[in-house]
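Reviewing the structure listed below.
The values are calculated or read from the model by the stated rules, or taken from the named source; none is laboratory data. Bear in mind the structure is a predicted one, so any value in this text is a computation, not a measurement. Here Cβ is always computed from backbone atoms with ideal geometry, including for glycine, and neighbour counts include all displayed protein chains. Note: accessible area is taken over every heavy atom of the protein model, side chains too, but ligands, DNA and RNA are not part of it. Shrake-Rupley method; radii C 1.70, N 1.55, O 1.52, S 1.80 Å.
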Amino acid sequence: MKHTVVALVEDKPGVLNRIASLFRRRGFNIDSLAVGTTHEEGISRMTIVIEGNENIADQLEKQLFKLIDVIKVENFTNQNAITRELALIKVKASTQNRREILDILEVFRAQAIDLSTASLVIQIVAHKDTIDALIDNLSRFGILEMVRTGRIAMRRGYTTTTDEVIEYFDDSSKFHSQIGRLSNGDFPFVSD
Amino acid sequence: MIGADIVLESLKKANIDTIFGYPGGVVLPLYDRFPFHKEIRHILVRHEQAAGHAADAYARVSGKIGVALATSGPGATNLVTSVQNAMMDSVPTLFITGNVARNLIGKDGFQEADATGIFMPTVKHNYLVTNANDLAPTFAEAIYIATTGRPGPVHIDIPKDVFLEDAEFNWPKTINLRGYKINDEVDSEQLAEAAELINASEKPIIFAGHGVIISNTSNLLKKLCEKGDIPVITTLLGIGSMPTDHPLHYGWMGMHGSYHANIAASNADTIIALGMRMDDRALGRFADLNHNAKIVHIDVDPAEHDKNLKATVPVVGNLSTTLPSLINNIEETNHADWIQWIEKIKSEHADSMSIPNTDKLSVQYVVNSIAKENKKNELVVVTGVGQHQMWAAQHMNISKPRQLITSGGLGTMGFEVPAALGAQVANPNAKVWSICGDGGFQMTFQELATIVDEKLPIKFAIINNGYLGMVRQWQELFYKENLVDVNMSQPNFMKIAEAYGITGIEVTKKEQVSKAIIQANKIEGPVLIDFKVESEGNVWPMVPAGASLSETVESAKEL
Ligand SMILES: Cc1ncc(C[n+]2csc(CCOP(=O)(O)OP(=O)(O)O)c2C)c(N)n1
Ligand SMILES: [Mg+2]
């Protein structure tokens, strides 16, 4: 069974490392991992999709929560939640079959966002299964390249995952998200 | 003040007065300031791994945080074994390493190692401090994390130029980490449910783990078992949480635990597991530990619940807050039938864990004599890993918390020498006896020099069986006696003692044992006794790897 787990984490150097290392070490089977900022400065949000039974999901949640830099963990699997994923797909498309492809896109509510004489770039934002079905339909034209973001998720309705967390905001937790950075806010790892 | 002074001021603020360390280029700015902070005693070890183990044992004996310091690169990598050792046994420790200057990080400069990356999976938490203004708050946070909740190692990596940077000493008034909240609330619903299970049980048993010792709750354990008339067995690291002469103490469980403890664990109808992480060496094959028992599992770390074994009633919390409420909720009863049943097994199987009736020099006899010739209240036993460790755990009547210092989770050979050093520093009045494997001793005995320098009167009992004994036992029993690379030539241990300027005593016969121990105790400085013991004894009882506790065997014939 697939579980969608959302984690709010400190936006700090090394956090992704800690989490990736935890998954590897405890043998969690990760389907996808999406990371991005939130509307709260200093907090990043991760959406993790993992394959496994209840017990494995339970352990994943607990082990994640045990990390000091993880502020909150929530399992979305049995929640009323919206889940989405974005994919960019570059397919072979000649002037002859272009129309046919555009018809397919209409069915899936996907868009063509770039065009050359021999190719099309398609964008789709949908649930994973929809994207998979679109890819099925496009494969006979020849897929040249594809990139997917992995699932992101949000509760439906007024309640949020972040609100209980925000009350903890104060100077010392701000400090916590600053350490490890240079005075100008950069990471110490210099790349030219 | 400069970063180096902030580091030392921070340690003082946290009442840390001892650190074990080893210098090198990038930590020289820190060493440079030691003379100006005389309240802190720096103990110069001979290898960084030893600094870590010494800090670890210091923490186990004192209950305070242990601190180790190393330079960048090789200094940091040498620490790794000791960090993981502290991690697995939940020991509150602080590891400080220097690193190359900030502008050199990531450039593969001389003695750069990604210590932050290397340590990450072996610590409770770690930091790379990139700004001297962050030093004091980082130390405060690190020490808070290391010593609270489920204790563990925390690592702070400090670039050389941060030690030299000018900054304020801004020690925080409070620590507030939004990702680390210690829940002090007692979950009274779960505890009531736990009490209900216990009250309904006919054959309850308590598994007492390291958590009982870490949380200083052995008096509560005693109250709990006495009120409910519940037999107690401990894990290896739980040894000492219960006096061995207490009528409800039924030994320790696990791979080389008592036969009756393992059988009682397999036959109980209710298991009350306190502060333990359900380790395979303690429980045998999880699936067949006990098919019928309901399990109450109390631990500070919720991630331990249902990790290896599904708990009927998991309770999250510190034993010091959860046990009083559990004790209140359970009824005063007696379980005479069940206890009698265990007693019967105990007496029928007493032989499998006894001191061999032989004229030869057995390890069991040696370690038991060391226990007998010392006052119970003064003795601190430190061990290595292997047969001697198991026999020490079996035959030394450890009856007080923090009296047995042994590497449980990681099973680190070589722990015995530096850990004895840390133990003696933590408790200068204790009689510290280090029960050493002849194999393990050779991994870290360079620390004899530190021990001499620091004038620590540690007594080393080398259990010289000429073998990597535990490995030989496995090869004999499970690899058809195909002994490969376990028979070692030994150095002349008397000459080693002499080289370090300490007293050496050689013991080859049973009659010499007590005399040697008494003599060693009379000598003010460190003593090394080479016990040339019988070389081919095996440790019994034994739960073969992968077997269940109910399959405990008492001799090779049963395998
Ligand atoms: C650092 C390390 N390397 C290897 C092992 C595997 N090992 C476990 S027990 C043992 C033999 C220990 O020999 P010794 O110290 O002489 O103790 P004995 O078993 O003979 O009492 C070995 C090699 C270990 N536990 N730790
Ligand atoms: Mg040996």
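Looking at B:Asn397, is it closer than 15 Å to B:Glu524 by Cα and assigned to a loop (DSSP other than H, G, I, E, B)?
no
Every listed requirement among (1) within 10 Å of another protein chain (Cβ to nearest Cβ); (2) assigned to a helix (DSSP H, G or I); (3) buried (at least 22 other Cβ atoms within 10 Å of the Cβ); (4) of a type in the set (A, V, I, L, M) is met by B:Val154 save one, (2). Of all residues in segment B:441-470 being assigned to a helix (DSSP H, G or I) and aromatic (Phe, Trp, Tyr), which is farthest from ligand 1 (Cβ to nearest atom)? For segment B:441-470, the residue satisfying everything is B:Phe445.
Tallying residues that are within 10 Å of another protein chain (Cβ to nearest Cβ) and out of contact with any strand residue (DSSP E or B) (no Cβ under 6 Å at 6 or more places or on another chain) within segment A:61-94 yields 4. In segment B:19-32, the residues that are in the same structural domain as B:Gln49 (by TED's automatic domain parsing) form Cβ pairs under 6 Å with partners that are at pLDDT 95 or above and of a type in the set (Asp, Glu), at six or more places apart or across chains, as follows: B:Tyr22/B:Glu48.
Pairing each residue of segment B:335-359 that is of a type outside the set (Phe, Trp, Tyr) with any residue that is open to solvent by 50 Å² or more (accessible area, probe 1.4 Å) and assigned to a loop (DSSP other than H, G, I, E, B), provided the two are 6+ apart or on different chains, yields C-beta distances under 8 Å for B:His335/B:Glu202; B:His335/B:Lys203; B:Asp337/B:Glu202; B:Thr358/B:Glu534. Per the conditions (1) away from ligand 1 (no atom under 16 Å from the Cβ); (2) assigned to a loop (DSSP other than H, G, I, E, B), the sole criterion not satisfied by B:Ser514 is (2). Here B:Ile435 meets each of (1) closer than 18 Å to B:Val366 by Cβ; (2) within 16 Å of ligand 1 (Cβ to nearest atom); (3) not in a strand (DSSP E or B) with one exception, condition (3). Can you spot a residue in segment B:362-378 that is in contact with a helix residue (DSSP H, G or I) (Cβ under 9 Å, 6 or more places away or on another chain), among the acidic types (Asp, Glu) and more than 12 Å from ligand 1 (Cβ to nearest atom)? Yes: one or more hits.
Scanning segment B:292-305 for residues that are crowded, with 18+ Cβ neighbours inside 10 Å and charged (D, E, K, R), we see that the one that is farthest from the other protein chains (Cβ to nearest Cβ) is B:Lys294. Of B:Lys222, B:Lys181, which residue is in the same structural domain as B:Val296 (by TED's automatic domain parsing) and surrounded by fewer than 24 Cβ atoms within 10 Å (Cβ to Cβ)? B:Lys222 is the lone residue from the list that is in the same structural domain as B:Val296 (by TED's automatic domain parsing) and surrounded by fewer than 24 Cβ atoms within 10 Å (Cβ to Cβ). Contact map, segment B:375-393: first residue among the basic types (Lys, Arg), second residue more than 14 Å from ligand 1 (Cβ to nearest atom), Cβ cut-off under 8 Å, separation 6 or more or different chains; pairs are B:Lys375/B:Lys431; B:Lys376/B:Asn397; B:Lys376/B:Ser399; B:Lys376/B:Lys400. Close Cβ contacts (under 8 Å, 6 or more residues apart or on different chains) running from residues in segment A:9-28 that are within 9 Å of chain B (Cβ to nearest Cβ) and in contact (Cβ under 8 Å) with a residue 60 or more places away in the chain to residues that are assigned to a helix (DSSP H, G or I) and crowded, with 19+ Cβ neighbours inside 10 Å comprise A:Val9/A:Val15; A:Val9/A:Ile19; A:Glu10/A:His176; A:Glu10/A:Ser177; A:Gly14/B:Thr116.
A quick yes/no check of all residues on (1) under 25 Å from B:Gly422 (Cβ atoms); (2) charged (D, E, K, R); (3) touching a residue at least 60 places away in the same chain (Cβ under 8 Å):
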position	(1), (2), (3)
B:Met470	yes, no, yes
B:Pro491	yes, no, no
B:Val539	no, no, yes
B:Lys557	no, yes, no
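Restricting B:Asn492, B:Asn464 to those that are modelled with pLDDT of 95 or more and open to solvent by 70 Å² or more (accessible area, probe 1.4 Å) reduces the list to B:Asn492. Residues in segment B:158-212 that are in a helix (DSSP H, G or I) and closer than 30 Å to B:Ala136 by Cα: B:Lys160, B:Asp161, B:Val162, B:Phe163, B:Leu164, B:Gly211. Taking first residues from segment B:435-447 that are closer than 14 Å to B:Ala419 by Cβ and partners that are near ligand 1 (Cβ under 6 Å from one of its atoms) and part of a helix (DSSP H, G or I), the Cβ contacts under 8 Å between residues at least 6 apart in sequence or on separate chains come to B:Ile435/B:His388; B:Cys436/B:His388; B:Gly437/B:Gln387; B:Gly437/B:His388; B:Gly437/B:Gly469.
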